[in-house]
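Rule-based calculations on the coordinates, nothing more; no lab input. Worth saying up front: this structure is predicted, and the values here are computed from it rather than measured. Virtual Cβ from ideal backbone geometry, glycine too; neighbours counted across all protein chains shown.
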Amino acid sequence: MTAHLVGIGIIGSLLIVLYRFIAGPTVWDRLLGLHAASSRIILLLVIFSVFGESDLSLDVAFIYTAVSFLGIVVVAKFAERGGAE
């Protein structure tokens, strides 16, 4: 029951962050929204792994963390060099 309430709260905050990602006026706001959304998705995967007793979803969360971090760094570097204009 507690895991369900926590999951609902995280999904609620994910929807708010996705609004920031979609409606962000600048590239940096969208990048911030993407990073915040991916961190909440990782948190959901970890909670699912702990309460669902699934080791596979924890491995997926670790891989998603690495890919998400690299993706954010690449997009930030691209936007910093003026490629987003």
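Let a ≥ b ≥ c be the square roots of the eigenvalues of the Cα gyration tensor of the chain; is it rounded (a/c under 1.5), or, if not, prolate (a/b larger than b/c) or oblate? Oblate, since a/c reaches 1.5 and b/c is not below a/b. Using R0 = 30 Å, the C-beta based FRET efficiency linking Val6 and Glu80 works out to 0.25. As a length-normalised measure over Cα pairs under 8 Å and 6 or more apart, the relative contact order of the chain settles at 25 percent. Fully extending the segment from Ile42 to Leu56 would add 3.7 nm, taking 0.36 nm per residue of separation and subtracting the current Cα-Cα distance.
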